[in-house]
Amino acid sequence: MSGGKRHRWVLLLLLMALSMPLWSAGRQPSPVITVIIDDMGNQAGWGEAALTLPGAMTYAFLPHTPHASRLAQQAYATGKEVMLHLPMESHEGNPLGPGALTLHMTEIAFKRTLQDDLNAVPHVRGLNNHMGSLLTRHPGAMAWLMQALRSRNDLFFIDSRTALETVAQQMATEYGVPNANRDVFLDNDRTLEAIDRQFDQLIKRARRQGYAIGIGHPYPETTQVLAQRLPELRSLGIKLIPASEMIEYQRSRTLWHVSSSPSPKVAKSSKP
């Protein structure tokens with residue numbers, strides 16, 4: 001091989017090495033977490049306090065609520081990520097609020113309501129379900145949702161996993177909608193001690209699988225704990241990223257693992 005060709009090959013190999021993800025070179029990347037604050041839009045004071053949390057936080061706004069549009073504009077202006085927190089019918093029959101998707105809707109009404117909800121919250125990058133322990137179990141309803149999201153081609157979906165029987169993420173994958181699911185609820189118990197323990201669980205999950213998504217609410221207790229704990233992440237070797245980046249991160253890891261898996265051996269035919 002001539003000197004010029006050898007030089008070009010060295011450059012090519014160097015560029016390939018630099019473009020590889022860190023884990024493909026045998027080095028594990030730092031664990032990453034996403035923290036989503038749901039139920040934004042009803043409470044002005046709680047919402048404004050939650051928006052002061054540091055770092056790449058993500059906020060999910062209920063449509064047609066009194067403060068959703070203003071707070072979403074404020075979140076976007078300060079570099080935070082905005083999601084739609086889409087109300088869906090629950091198994092328990094809980095009050096849903098405006099803009100809810102329910103099982104009795106026709107396809108036209110379902111998709112029109114979804115579009116109205118998206119229009120009600122500015123700067124939306126994706127959405128997750130508010131309640132939905134009934135609706136997310138139904139493949140037909142979730143197919144309508146994912147058809148609408150696929151037609152937009154610019155939105156992701158995060159399954160809040162309010163029911164073990166949910167098929168929402170499965171349907172998102174089938175329709176090619178970028179997706180992920182919630183790993184930890186932070187504040188089902190609103191005591192400071194319980195929220196702090198759940199944040200520890202979020203970090204443990206991220207260290208175990210490389211990433212984790214936590215969902216909380218704009219409760220004063222949640223805001224207080226997160227204000228204390230989020231600044232610790234760098235010293236713990238954990239990175240906080242917005243929901244859209246988390247979905248791309250998970251997708252990239254999945255694609256790399258698939259591409260790097262050894263090809264199955266071809267079985268020899270028993271025929272002569």
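The values are calculated or read from the model by the stated rules, or taken from the named source; none is laboratory data. As the structure is a prediction and not an experimental result, all values here were calculated from the model. Glycine also receives a Cβ, built like all others from the backbone with ideal geometry; neighbour counts cover every protein chain displayed.
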Those helices (runs of 4 or more DSSP H) completely within the stretch 212-272 that have 1 or more residues that are more than 22 Å from the chain's Cα centre (by Cα) and modelled with pLDDT of 95 or more are 220-229, 233-236
I'd like to know if the stretch 119-133 contains one or more residues that are over 21 Å from Ile247 (Cβ atoms), touching a residue at least 12 places away in the same chain (Cβ under 8 Å), under 19 Å from the mean Cα position of the chain (by Cα) and surrounded by 19 or more Cβ atoms within 10 Å (Cβ to Cβ).
yes
Residues in the stretch 154-168 that are closer than 23 Å to Arg208 by Cα and either of a type in the set (Phe, Trp, Tyr) or buried (at least 20 other Cβ atoms within 10 Å of the Cβ) (or both): how many?
5
Going residue by residue through the stretch 214-228, is there one that turns out to be touching a helix residue (DSSP H, G or I) at 6+ places or on another chain (Cβ under 9 Å) and closer than 13 Å to Val32 by Cα?
yes
Report the residue count in the stretch 80-123 for those that are among the polar types (S, T, N, Q), under 19 Å from Asp154 (Cα atoms) and touching a Gly at 6+ places or on another chain (Cβ under 9 Å).
1
Just need a number here: residues in the stretch 44-65 that are in a loop (DSSP other than H, G, I, E, B) and either touching a Gly at 6+ places or on another chain (Cβ under 7 Å) or on the phi > 0 side of the Ramachandran plot (or both).
5
Which one is surrounded by the fewest Cβ atoms within 10 Å (Cβ to Cβ), of the residues in the stretch 97-118 that are among the aliphatic types (A, V, I, L, M) and over 23 Å from Glu48 (Cα atoms)?
Ile108
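Each row is one residue, and each column tells you yes or no for (1) modelled with pLDDT of 95 or more; (2) touching a His at 6+ places or on another chain (Cβ under 8 Å); (3) over 18 Å from Arg182 (Cα atoms).
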| position | (1), (2), (3) |
| --- | --- |
| Gly97 | no, yes, yes |
| Thr106 | yes, no, yes |
| Pro122 | yes, no, yes |
| Arg125 | yes, no, no |
| Thr136 | yes, no, no |
| Asp159 | yes, no, no |
Of (1) modelled with pLDDT of 95 or more; (2) among the small types (Gly, Ala, Ser); (3) within 22 Å of the chain's Cα centre (by Cα), Gly45 satisfies every one except (3)
